[in-house]
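The values are calculated or read from the model by the stated rules, or taken from the named source; none is laboratory data. Model, not experiment: these values are computed from the prediction. Cβ: placed from backbone, ideal geometry, glycine included. Neighbour counts: every protein chain shown. What goes into the accessible areas is simple: the full protein's heavy atoms, side chains included, and nothing from ligands, DNA or RNA. Shrake-Rupley method; radii C 1.70, N 1.55, O 1.52, S 1.80 Å.
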Amino acid sequence: MESLQNDLLLRAALGQKTERTPVWMMRQAGRILAEYRAVRQKAGSFIQLATTPELAAEVTIQPVDLLGVDAAIIFSDILVVPEAMGLPYEMEEKRGPIFPKTVHTLQDVAQLRVADPEADLGYVLEAIKITKRELNGRVPLIGFAGAPFTIFCYMTEGKGSKTFSVAKKALYTDPEFSHQLLQKITDSTIAYLKAQIAAGANLVQIFDSWAGILSPDQYYEFSLPYIRQICDAIAQTPPNVAVPQTPVTVFAKGAFFARHEIGQLNCAVVGLDWNMDIAESRALIPSKTLQGNLDPCVLYGSYKQIEAEVKKMLNAFGPERHIANLGHGVYPDTDPDKVRCFIDAVKAYSV
Ligand code: CP3
């Protein structure tokens, strides 16, 4: 068993008692730190940075040193999976990701490959290995991937969208195409997450960022079964020396209607967004650790307001089976001092 100086996150994920509540933030690597922007400038672009393992490791560790979080999350993006399947992306300044080519027919799906993590995503695995070496056991490292449905959204739509109506149209008009593409993404994601675990990730999180645009029926048909396959595959992965059983976190933003069903998955942790009532979520998901769920906009408030909101959140979750986080990624224009206030308040008030 790898020895970690701070294993609060892993013990909380596994439902064990902890001295205090662990805390980290979705999208903590990048976005808010001037120190991140300096490295990004040196790299030239987001993709250059993400594909240069030494630099990716450097920005992964920055929040541990500068913010005092209880975990690092590997600096990468969910869109590296479609790229590894044969669909490259570009990152446009201010606009976000763009796929010049999109996927619409069964022939398009047939032309994609199931990602081979060693061959196609070796730079992420290398970044994980470097990060683990440089962290030297200070805190656990979180690996991640997008949920198949969220990746499907980008592969069919080609860019971000409020409605993802191209993606949803495919679900209604061509379910066979949709299921074939979702299965290929799922097979790629399983191989990728297993490789991240073998490279040293201590916990992996599945981001279903666009879950909330689906109706419950569509969610149960087109998203949940594929997340279930991923959770089951990881649960069956033979333990490696470092990790006896790697916990999985499922974060399905906006899927308040599916909390009970998500709680039945073979995962250790369920992430909540800020729309989800904490007591109601505990009742719906009685057997898992919950992660979340402060509104990221609270960090625009005063220090006093942040402390008061953190106390309220900690009281609602209680001292066990909770990993403190925001209800979605931290917003890019958040003051790092307010972020430190959030982290410090969790540490101070959860003991
Ligand atoms: O959590 C972390 O800090 C690790 C790094 C990380 C990034 N993207 C880096 C990134 C993680 C976990 C992601 C996940 C991701 N990427 C998601 C799921 C989480 C969520 O927020 O719902 C999604 C939907 C994406 C797709 C994506 N990548 C978008 C929509 C954008 C543009 C908007 C934005 O977030 O800035 C990106 C770009 C991206 N990914 C950046 C970073 C640091 C900004 C690029 C830059 O530095 O120019």
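Please give the number of the condition residue 108 fails out of (1) under 20 Å from the mean Cα position of the chain (by Cα); (2) under 23 Å from residue 213 (Cβ atoms).
Condition not satisfied by residue 108: (1).
Which condition breaks for residue 286 when tested against (1) closer than 24 Å to residue 146 by Cα; (2) assigned to a loop (DSSP other than H, G, I, E, B)?
Unmet condition: (1).
Give the residues of the range 40-57 that are in contact (Cβ under 8 Å) with a residue 12 or more places away in the chain, assigned to a helix (DSSP H, G or I) and either more than 10 Å from the ligand (Cβ to nearest atom) or open to solvent by 30 Å² or more (accessible area, probe 1.4 Å) (or both), sorted by residue number.
40, 42, 47, 53, 54, 55, 57
Quick one: which of 201, 167, 145 is in a loop (DSSP other than H, G, I, E, B) and buried (at least 20 other Cβ atoms within 10 Å of the Cβ)?
Exactly one of 201, 167, 145 is in a loop (DSSP other than H, G, I, E, B) and buried (at least 20 other Cβ atoms within 10 Å of the Cβ), namely 201.
Could you identify the single residue in 327, 318 that is farther than 16 Å from residue 9 by Cβ and over 22 Å from the mean Cα position of the chain (by Cα)?
318
Kindly indicate the residue of the range 289-328 that is in a loop (DSSP other than H, G, I, E, B) and farther than 20 Å from residue 259 by Cβ and also least open to solvent (accessible area, probe 1.4 Å) among those meeting that condition.
Checking each candidate, the answer is 301.
Consider residue 107 carefully, then state whether it is more than 24 Å from residue 205 (Cβ to Cβ), part of a helix (DSSP H, G or I), modelled with pLDDT of 95 or more and within 14 Å of the ligand (Cβ to nearest atom).
No; evaluated as a whole, the condition is false for this residue.
For the range 116-131, check the following and say yes or no: at least one residue is open to solvent by 10 Å² or more (accessible area, probe 1.4 Å) and either within 12 Å of the ligand (Cβ to nearest atom) or in a loop (DSSP other than H, G, I, E, B) (or both).
yes
Would you please list the contacts, defined by Cβ atoms under 6 Å and residues six or more apart or on different chains, that run from a residue in the range 75-94 that is open to solvent by 60 Å² or more (accessible area, probe 1.4 Å) to a residue that is near the ligand (Cβ under 6 Å from one of its atoms) and of a type outside the set (A, V, I, L, M, F, W, C)?
91/97
Residues of the range 177-224 being in contact with a Ser or Thr (Cβ under 9 Å, 6 or more places away or on another chain), within 16 Å of the ligand (Cβ to nearest atom) and either among the hydroxyl-bearing types (Ser, Thr, Tyr) or farther than 25 Å from residue 245 by Cα (or both), which ones?
Result: 209, 210, 211, 213, 214, 223.
Could you check residue 98 against (1) in contact with a strand residue (DSSP E or B) (Cβ under 7 Å, 6 or more places away or on another chain); (2) buried (at least 20 other Cβ atoms within 10 Å of the Cβ); (3) not charged (D, E, K, R) and say which number it fails?
Result: residue 98 fails condition (2) only.
Go through the range 1-39 residue by residue and tally those that are within 14 Å of the ligand (Cβ to nearest atom), in a loop (DSSP other than H, G, I, E, B) and among the basic types (Lys, Arg).
2
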